[in-house]
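Right, one structure below, let's go through it.
The values are calculated or read from the model by the stated rules, or taken from the named source; none is laboratory data. Remember, predicted model here, so these are calculated numbers, not experimental data. Note: ideal-geometry Cβ built from the backbone for every residue, glycine included; neighbour counts use all protein chains shown.
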Amino acid sequence: MSYAASVYLNGTLVAEHEGGHTPFTMDVCAVLLPGARNLLAVRVYRRPWYRHGPTGPAAISCRTELPHKPVDYWPYAGITRGVFIEATAQVTVSKLVTSARHGRLAAAAVVFNHGAGPARRRLVLDPGAGTGGAPVSRDLVLAPGAVGVVSADLPIPGARPWSPADPRLYRLTARLAADGPGAGGAADSLAVRYGMRAVEVAGSRLCLNGEPVFLKGLNWHEETPERGRAMRRPDYDQILDTAADLGVNFLRSCGYTRHPDFYRAADERGLLICDETDNFWVESGQQRIQSRYGLSAALVAAMVWNQVNHPCVILWSLHNESETTDRGTYRTWISQLRAAAGIDPQHRPVTWASSTSWDPAFDLADVIGFNEYFGYFYGSDPDLGRTLDAVHRQYPGSPILITENGSYADPGRHGSPAQAGTEEWQADKLRQHWRQVTTRAGHMAGYTYWLLKDYKQRMNYNHNLNGISAMGLITFDGRRRTAYNTFRDSQNPPG
């Protein structure tokens, strides 16, 4: 629900949620009318981003919201993702959390007793067909209204590592039955897909399953011209088909988390993902507010909790281009966000998309990530190589990821590579920056181009293009620019 939602059932407020891209659930048993008609109502609120007057548009901000001011994408509103009602047993498995690597599966089941009395249950955890692992059982007793976590460390000697070349998925199932003789079959069950793989930083390289990996990546916005952000599984398949045609192994979910269907599709395709929260252009004042208010850290924790089982997700990104001028405030805020990501049992590397290559908190990152636009917004194209060398000298034990780089091309405009705004100019800049990154592959995690497709934005520019940002390899209406072939032909560095 974008941006905030108040949920009512039969006239009673049952939940409130803040954050435009984060799934949430609530228990409505207390106000549900069994066997009768029930009325579910949702109030969705999004702050207007501008007020218009005789002197033109003026931005509207909010001290606590994220983003707190207009940012560089379209502020879709309403219910843009699925809503469903789930009936469960009174004692239910509400969540499964997995961490699988090196032939073992660490599994945790969250069990909730919604009943009025104590519950004795036996939980069976089955690591799934093809893993070579055997089910294990655990007994538990839960007081009324209590939540318990049942953990197990299971050998899975037959499981094969998940990788882009072999995206092998397995199915963990938790079955819950009443304990004791004659208890019968399963009273409740929950299953989740998982992959066995290890992501870590080794020296100045990002490694997948013990081998260095170079990320040839793209940024993308979740929208279609026809349906905006209310996308469907075929829309995500089309994104991934295009990524495959471009030889891409990596996508960054810039600015906000995506629909669950996207992560499921990426798991199946073997595409690597950097997930990111709505901490977008957060200024120093808002960082101080968020250090008390807590929404920015809560969004990071929700991102990890919701995507924890997806092997495709290999990096957590804490923010995009937030202000770094108040060093103390910024480092405190980054430390809080990093701590929130610490709930990940897989200990994925943490990064963010800094607006500067001299971020004062880079020592807190596992992978140094920054957006760079040398030769476009500032400096010259060759400045990138010199900057990468300087950052590597300062942080020799950290891989560097270019989280954004790109330039625009007026739709259908052709000419010399030296002529700004032509498709040839955009392609030549891409070629130059790719070369400077890949010749330093020994300490680079990868390069992420800005961006796959043109997108709608609500900032005060590109009015001549109906507010479309024209920086994509593909135009908003689906036409490939010259840079598309340039990027497709750009080969990853060896090993």
task: Go over the candidates GLY128, GLY133 one by one and state the one that is modelled with pLDDT of 95 or more, outside the structural domain of GLY210 (by TED's automatic domain parsing), touching a Ser or Thr at 6+ places or on another chain (Cβ under 9 Å) and in a loop (DSSP other than H, G, I, E, B).
output: GLY128
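Conditions (1) more than 25 Å from LEU299 (Cα to Cα); (2) touching a helix residue (DSSP H, G or I) at 6+ places or on another chain (Cβ under 6 Å); (3) without any contact (Cβ under 8 Å) to a residue 12 or more places away in the chain, marked per residue:
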{"position": "VAL28", "(1), (2), (3)": "no, no, no"}
{"position": "ALA41", "(1), (2), (3)": "no, no, no"}
{"position": "ARG51", "(1), (2), (3)": "yes, no, yes"}
{"position": "HIS68", "(1), (2), (3)": "no, yes, no"}
{"position": "ASP72", "(1), (2), (3)": "no, no, no"}
task: Any residue in region 141-154 that's in a strand (DSSP E or B) and surrounded by fewer than 12 Cβ atoms within 10 Å (Cβ to Cβ): show its pairings with residues that are modelled with pLDDT of 95 or more and not charged (D, E, K, R) at Cβ separation under 6 Å, as long as the two are six or more apart or on different chains.
output: VAL149/ALA108; VAL149/VAL110; ASP153/ALA106
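Restrict the check to region 390-405 and report whether at least one residue is in the same structural domain as LEU208 (by TED's automatic domain parsing), surrounded by fewer than 15 Cβ atoms within 10 Å (Cβ to Cβ) and not in a helix (DSSP H, G or I). Give the derivation first.
If we filter region 390-405 for residues that are in the same structural domain as LEU208 (by TED's automatic domain parsing), which is where we start, we get 390-405.
In the following step, the residues that additionally are surrounded by fewer than 15 Cβ atoms within 10 Å (Cβ to Cβ) were identified as 390, 393-394, 396-397.
Add one more test, that the residue is not in a helix (DSSP H, G or I), and what stays is 396-397.
So far as region 390-405 goes, yes, one or more of its residues are in the same structural domain as LEU208 (by TED's automatic domain parsing), surrounded by fewer than 15 Cβ atoms within 10 Å (Cβ to Cβ) and not in a helix (DSSP H, G or I).
So that you can scan it fast, the table gives a plain yes or no per residue for (1) farther than 21 Å from ARG229 by Cα; (2) buried (at least 24 other Cβ atoms within 10 Å of the Cβ); (3) among the small types (Gly, Ala, Ser):
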site: ALA243; (1), (2), (3): no, no, yes
site: LEU246; (1), (2), (3): yes, no, no
site: CYS254; (1), (2), (3): no, yes, no
site: HIS259; (1), (2), (3): no, no, no
site: ALA265; (1), (2), (3): no, no, yes
site: LEU272; (1), (2), (3): yes, yes, no
site: GLN287; (1), (2), (3): yes, yes, no
site: ARG292; (1), (2), (3): yes, no, no
site: LEU295; (1), (2), (3): yes, no, no
query: What do you reckon, is VAL213 buried (at least 20 other Cβ atoms within 10 Å of the Cβ), at pLDDT 95 or above, over 19 Å from the mean Cα position of the chain (by Cα) and of a type outside the set (Phe, Trp, Tyr)?
result: yes
Selection status of LEU318, of a type in the set (A, V, I, L, M, F, W, C), more than 27 Å from MET459 (Cα to Cα) and under 17 Å from the mean Cα position of the chain (by Cα): no
